[in-house]
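The values are calculated or read from the model by the stated rules, or taken from the named source; none is laboratory data. Quick caveat, the model's predicted, so the values are computed rather than measured. Here the Cβ is made from the backbone with ideal geometry for all residues, glycine too, and neighbour counts use every protein chain on show.
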Protein chains: 2
Amino acid sequence: MESGFEEKEFLACCGSTAFAREMAAVAPFASFEQAVEAARYIWFNKVDVNGWLEAFAAHPQIGDTKSENQKSETSKQWSKGEQSTALATATDSTLQELLVWNSLYSRKFGYVFLICASGRSTPEILAELKKRFPNRPIVEFEIAAQEQMKITELRLAKLFTAKDKSPSVGREY
Amino acid sequence: MESGFEEKEFLACCGSTAFAREMAAVAPFASFEQAVEAARYIWFNKVDVNGWLEAFAAHPQIGDTKSENQKSETSKQWSKGEQSTALATATDSTLQELLVWNSLYSRKFGYVFLICASGRSTPEILAELKKRFPNRPIVEFEIAAQEQMKITELRLAKLFTAKDKSPSVGREY
């Protein structure tokens, strides 16, 4: 099967079961670009707001790479990698501040602060959190969904890369 | 207490517990207009997306006034009144069509089709449902929230009217 992935692999890219099911239904993809196009269409047009919340709930709090909240080992490892710049630039006091603001954010919006952390330092992430915090819930909800899409694209790229390098490793069919 | 209402009365206006709690916290209101202003602020700025879904879930499907889905007897009676024009103009076939489209809508968006039905005929409601159906979930989510706000305003007006006419009836304090 050309670029065929399993549902659970898509679920590691984005924790919405509807997203993973729809992606698996339209797979295989001729290219990475085609997969991203399908993912964008599905995420913004077919996954309902409950699905967005489900995907958000699959993420650890930013700065918390030890969380057991994640659905898969793959997703956990990817989160850790995505936050490597943030972790390298974090001090005890910025991490503490991030913890406080994360908690304020979750209390206001009902889900964890989502940001495509790849390449971003902890001060940058903190500044972004403070900037987004005053948003109305519906506005913030869409921004969080856009950040989820960026994370999904990075993770799809990893899936395709892993497949190109070793097409038979870790595949069960 | 001037225009003071209980939390459960606000909950009959809008089925979000956060909305009802916040309204009760800022009550009493000097006027109906002040209550509406507070309600708008709370609904659009302070109630999170889970609260919106909670409020949507407190409504019966449009056309279904017998539903046991509603939190209070007051809310149930109000739904019935709000849908009186729709019911008076409904035929078996338009009601059947509404049922089918309601079901398609719930499957796509994850909650019931919400519309401020007051004064609207069944064909008008059906036309509106079909027009909104192609919307992206996030777009439709905000429209539904705006319709909920219209319903909330009508119900707040009923609360104030009932209070003016018979200030001590049905009050427990």
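Tabulated data for the structure shown
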read-out	value
Sole residue being touching a helix residue (DSSP H, G or I) at 6+ places or on another chain (Cβ under 7 Å), at negative phi, of a type in the set (Val, Ile, Thr) and surrounded by fewer than 17 Cβ atoms within 10 Å (Cβ to Cβ), chosen from A:26, A:49	A:26
Residue list for the stretch B:125-147, filter: in contact (Cβ under 8 Å) with a residue 60 or more places away in the chain and within 12 Å of chain A (Cβ to nearest Cβ)	B:141, B:144, B:145
Of residues in the stretch B:35-53 being among the aromatic types (Phe, Trp, Tyr) and under 15 Å from the mean Cα position of the chain (by Cα), the one nearest to the other protein chains (Cβ to nearest Cβ)	B:44
Selection status of residue B:51, assigned to a loop (DSSP other than H, G, I, E, B) and either of a type outside the set (S, T, N, Q) or at pLDDT 95 or above (or both)	no
Yes/no for residue B:25 being of a type outside the set (S, T, N, Q) and closer than 15 Å to residue B:150 by Cα	no
Residues of the stretch A:70-121 satisfying the condition of being over 14 Å from the mean Cα position of the chain (by Cα), within 14 Å of chain B (Cβ to nearest Cβ) and aromatic (Phe, Trp, Tyr)	A:105, A:109
Residue match in the stretch B:5-17 (condition: of a type in the set (A, V, I, L, M, F, W, C), part of a helix (DSSP H, G or I) and within 14 Å of another protein chain (Cβ to nearest Cβ))	no
In the stretch A:82-117, the residues that are surrounded by 15 or more Cβ atoms within 10 Å (Cβ to Cβ), farther than 23 Å from residue B:50 by Cβ and among the small types (Gly, Ala, Ser)	A:86, A:90, A:117
Matching residues in the stretch B:97-117 - criterion: being more than 11 Å from residue B:63 (Cβ to Cβ), part of a helix (DSSP H, G or I) and touching a residue at least 40 places away in the same chain (Cβ under 8 Å)	B:106
